[in-house]
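Colleague: One structure is given below, represented as structure tokens, and several questions about it will come after.
Please treat every number below as a calculation from the coordinates, not as lab data. The shown structure was predicted, so the numbers you read here are calculated from the model rather than taken from an experiment. Because the Cβ atoms are built from the backbone with ideal geometry, glycine has one as well, and the counts that use them run over all protein chains shown.
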Amino acid sequence: MMQGLEWTLAQQQAGRHERLFATSTVLVAAVIFTVDTFTDIEGAIAVLYAIALLLASQAVSRTGLIRFSVIFLVLALVSFFLTHASDPTFQTFLRLGVALVALGLTTTLLLRNDRARFALLETNAALRLSEGRYRSIFERTRVALWERDYSKLRTYLMDLKARGFGDVRTVARQDPQFINRCIGMIEIVAANDAAIDLLGSSATSASDATMHDFIPLNSETFVSLLQAIMNGASYFEDNAEVLNDVGEPKIVLLSISFPEEQVAYDRVVVSMVDITQREQARHALAKAQEELARASRAATVGALSASLAHELNQPLGAIAVNAQTLLRWLDRDPPDMEAARRSAERIARDSQRTSDILRNTRSMLFSQPGETQALDLIRLVDDTLTLMKYDLQREAITVEFTHDAAVPVISSGRLELQQVLINLISNAIQAIKATSPDRRALAISLHADAERDTISITLHDTGQGLSPEAMQKLFTPFFTTRLDGMGIGLSICRNTIEARGGTITGRNHPDGGALFEITLPKETASA
Ligand code: ADP
């Protein structure tokens, strides 16, 4: 609005000047013509038309200038014929010649000058247009843009570098005031609306705020930024914490393109995308993930103690029987040492089995997530089904596990993969439980794909299948359709599988029910 008004005023002023020069041109030309025609002054008066032409050049365009030039030429000729037609002498012709040459030269020079002026105006207009375009993008974009003057800071850092202090962190360690001083050297030039929304109204240059109000003193990103400037980097991008004008921390994705010319460091555009919520959600998810891992371990302990009691029952029973037999062989007179030895051997074998079972259980419980070991997937699925046996039986779900005769051993994290399977099986149980279908079944298959060098595990249940909304948001954290659900199980499954270089997908089976497929890369086949 303001700019439009200024433009109109400037236009009006320019119009007034042009009218003034045009009037002066006509007056000056009339005076020259009168003096040239009606006085006896001997001299090349017509040369003075050059002055009129100079005046005209301020008011008219190129064609106008040529027209004026022709008019002055005609006026000079008219004066000449009116005054000297009767007695033409060499001198009078010479004066006319000088005047015409002066007129011609002035016209040519003015036309050339005008072309140069026109080119300059065009460049100026293009510049103005591009500045206008930049301004409108700057103002309207939803990305927070902040123009800052880095020239002082750059000069200071380059000076330090020239003096042999090229490592910002070392300088900051030696001089506790260094970071504070650097922050103080940055000035705010302008902030767009999005930046004001993000940081508050004092982010503009008009306020009293300084960069100290926005950059926390302990910002690691700021130190990296200083190093980037010192290294003459052309681009800088990082996550950074900034403070808004009420001191609230905001996490932003900061990116800066540094100019090539040093002079342009007085207007460096810093773009910021607010990722505070995303980061908070990421932290919440990581925390929930941790909690789920803990809860899932607790659940595993419960399930394990049941299966442990079952598994240990047999070898412990055998040990007791063999110990009694051994005693009987020893009680004989004479003792049957050979038979006693065989019983002792059986006791040793069963004890070994007991300790193997305990060791396996222990490693299952205490192996760190992320730990890689050689995995027999058939065994892993079997073990997991044993763990889930009671839950599956309670819902009367029959499990059908099909697999290739031999599946290559892969290197992966046992506990992690088991948690993924427990999650998927629990979801299948929930889906079947919610639908109560006639056929309550879970089909698990395990196949190696030789062509793609992958192993796939699929789980197909007879539940209600995935709703259209669930299909879209299946792996999105906190998406759940269950009243008591948390909606993070599948997102954790995906993180886990992807961290191992695999994929996990979920869709509906043509025969009904949900079908989840895990694909894992076939890695080293070490046994
Ligand atoms: P939660 O089980 O806590 O809801 P998940 O991330 O494990 O969280 O699952 C998210 C959603 O995906 C579930 O609420 C459900 O709508 C859908 N879902 C997952 N597995 C199945 C399945 N086997 N059958 C039908 N829907 C499923």
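Colleague: Test of understanding: ordering 329, 146 by Cβ neighbours within 10 Å, fewest first, what list do you get?
Modeller: So the ranking, lowest neighbour count to highest, is 329, 146.
Colleague: Moving on to the next point. Which listed residue (483, 35, 254) has the Cα farthest towards the positive end of the charge dipole for the chain, taking +1 on Lys and Arg C-beta and -1 on Asp and Glu C-beta about the Cα centre?
Modeller: Going by the charge dipole, the pick is 35.
Colleague: Tell me the label-point distance for the pair residue 87, residue 339, using the 7 Å Cα-to-Cβ offset, in nm and rounded to one decimal.
Modeller: Reported label-point gap for residue 87 and residue 339 is 17.2 nm.
Colleague: Same structure, new question: Would you mind pulling out the separation of the Cα centroids of the stretch 103-175 and the stretch 222-273, in Å?
Modeller: Taking the Cα centre of the stretch 222-273 as reference, the centre of the stretch 103-175 is 18 Å away.
Colleague: I would also like to ask the following. So what's the net charge close to residue 264: Lys and Arg +1, Asp and Glu -1, counting the other residues with Cβ under 13 Å from its Cβ?
Modeller: -2
Colleague: A further question follows. Please give the net charge around residue 81, taking every other residue with its beta carbon less than 13 angstrom from that of residue 81, where Lys and Arg add +1 and Asp and Glu add -1.
Modeller: Every neighbour counted, the sum reads -2.
Colleague: Counting only trypsin sites (Lys or Arg not before Pro) that sit in a DSSP loop (anything but H, G, I, E, B) with at most 16 other Cβ atoms within 10 Å, what is the longest stretch of the chain containing none of them?
Modeller: Value returned for the longest uninterrupted segment is 1-141.
Colleague: OK, next. Does anyone have the angle between helix 414-435 and the longest principal axis of the chain? Alpha-carbon axes, 0 to 90°, nearest 10?
Modeller: Here the helix axis deviates by roughly 90 degrees.
Colleague: Quick check for me: using +1 on Lys/Arg Cβ and -1 on Asp/Glu Cβ, what's the dipole size of the stretch 470-522 about its Cα centre, in debye to the nearest 20?
Modeller: With Lys and Arg at +1 and Asp and Glu at -1, about 140 debye.
Colleague: Now a separate question. Can you find, among 464, 442, 413, the residue sitting farthest towards the positive end of the charge dipole of the stretch 370-465, where Lys and Arg contribute +1 and Asp and Glu -1 at Cβ?
Modeller: Selected residue: 464.
Colleague: Treating the angle as unsigned and between 0 and 90°, give the value, to the nearest 10°, between the Cα long axis of helix 90-140 and the longest Cα principal axis of the chain.
Modeller: 20
Colleague: For the stretch 10-45 and the stretch 417-493, what is the separation of their Cα centres, given in Å?
Modeller: The stretch 10-45 and the stretch 417-493 have Cα centres separated by 94 Å.
Colleague: How large is the charge dipole for the chain, taken about the Cα centre, if only the Cβ atoms of Lys, Arg (+1) and Asp, Glu (-1) carry charge, to the nearest 20 debye?
Modeller: The calculation lands at about 140 debye.
Colleague: Right, here's the next one. Helix 276-331: angle to the longest alpha-carbon principal axis of the chain, degrees 0 to 90, nearest 10?
Modeller: Tilt relative to the chain: about 20 degrees.
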